1. Within the bounds of the stretch 56-78, is there any residue that is of a type in the set (Val, Ile, Thr) and part of a strand (DSSP E or B)?
2. Could you pull out every one of the strands (runs of 3 or more DSSP E) wholly within the stretch 124-212 that has 2 or more residues that are among the acidic types (Asp, Glu) and either surrounded by 22 or more Cβ atoms within 10 Å (Cβ to Cβ) or outside the structural domain of residue 93 (by the TED database) (or both)?
3. If you scan the stretch 106-117, which residues turn out to be exposed (fewer than 15 other Cβ atoms within 10 Å of the Cβ) and either outside any loop (DSSP other than H, G, I, E, B) or touching a strand residue (DSSP E or B) at 6+ places or on another chain (Cβ under 7 Å) (or both)?
4. Restricting to the stretch 23-44, and then to whatever is β-branched (Val, Ile, Thr) and closer than 16 Å to residue 5 by Cβ, can you tell me which residue is surrounded by the fewest Cβ atoms within 10 Å (Cβ to Cβ)?
5. Can you confirm whether residue 227 is polar (S, T, N, Q) and not assigned by the TED database to the domain that holds residue 88?
6. Quick check on my filter: what residues within the stretch 247-283 are surrounded by fewer than 20 Cβ atoms within 10 Å (Cβ to Cβ), touching a helix residue (DSSP H, G or I) at 6+ places or on another chain (Cβ under 6 Å) and of a type in the set (Ser, Thr, Tyr)?
7. Could you tell me whether residue 9 is of a type in the set (Val, Ile, Thr), outside any loop (DSSP other than H, G, I, E, B) and within 23 Å of residue 123 (Cα to Cα)?
8. Note down all Cβ pairs under 7 Å where the first residue falls in the stretch 35-55 and is free of Cβ contacts under 8 Å to residues at least 12 places away in the same chain, the second is surrounded by 14 or more Cβ atoms within 10 Å (Cβ to Cβ), and they're at least six residues apart or on different chains.
Amino acid sequence: MEEHYYVSIDIGSSSVKTIVGEKFHNGINVIGTGQTYTSGIKNGLIDDFDIARQAIKDTIKKASIASGVDIKEVFLKLPIIGTEVYDESNEIDFYEDTEINGSHIEKVLEGIREKNDVQETEVINVFPIRFIVDKENEVSDPKELIARHSLKVEAGVIAIQKSILINMIKCVEACGVDVLDIYSDAYNYGSILTATEKELGACVIDIGEDVTQVAFYERGELVDADSIEMAGRDITDDIAQGLNTSYETAEKVKHQYGHAFYDSASDQDIFTVEQVDSDETVQYTQKDLSDFIEARVEEIFFEVFDVFTRFRINKSKWWVYCNWWICKLTWRKRIIIRYGK
């Protein structure tokens, strides 16, 4: 990869996205993107290798044309499917006064990866929570400190099923690019939260096409993550069935008129849809539409709250962040307030 560019491929629940970023001062400017929806990926997993490969190839080409960058190397982002989040520690010993450098930090972190004894999983991310020098001195960065006896790290670990990882990498590299590193949504969601939010407790909810993903952060670090196989497609299916119209029409009216809170929806916003079993058209209001949407969104959030219970979240001190799609339904915090207390 050219030194001042970063390219990331995002495998979603039903689509693939490629983003090209260029280093700019202390940040990164996005200079090109590509997105392809595909039937080759379902629920965040490869369902048809050839179709998925073509979709990845197409989105790489789109991003390359948009950015003017010849893409040869990429970072790969994977959804929270078949993922486990847990804590682990590792320690290395010193037998004389030693100035800690990058190689020591790499060694103690690599020991975390080697401790994974579950044969069917592969560690993809290790993120240090704290370092302990000589068993007493807790620090966030031990580099250049002098250790007389030991360096210990307590870290969070994200592991994924090997079969999922191997097939994802194989599919991406079949498109003529090399995968430099792999990251999980579970860890990446932390970038949208402030330091204070992550410290006090915050949960990110990402409602995608096929999968809803949940990641919980507290005390500044990722605590746990999980996914639910219920998301935007289920909402569209409910609308199509309820309005007796095609999936494509249901998807269109969902985005144009969708509202996830029945009491606030308008009965003045009127739209017309064709029926699947006749040539007739029928008029509905936004309030009619919201009846189907609210029911499914509530069901999704009930599932999410079950995940909260498994995470053992203290409801008195968490924020919830939803992705842009659910906000586009003019959903507000009322659903969270209504069911979160």
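The values are calculated or read from the model by the stated rules, or taken from the named source; none is laboratory data. Given the structure is predicted, the values throughout are model-derived calculations rather than measurements. A quick note on method: Cβ atoms are made from the backbone with ideal geometry, for glycine too, and the neighbour counts reach across all protein chains shown.
1. Yes, the stretch 56-78 contains a residue that is of a type in the set (Val, Ile, Thr) and part of a strand (DSSP E or B).
2. Values: elements: 137-139, 150-161, 178-184, 202-207.
Counting at least 2 such residues, we get 178-184.
3. The answer is 106, 107, 110, 114, 115.
4. Checking each candidate, the answer is 30.
5. Yes: the conditions hold for residue 227.
6. 247, 262, 266
7. In short, yes.
8. Pairs found: 47/40; 47/41; 48/40.
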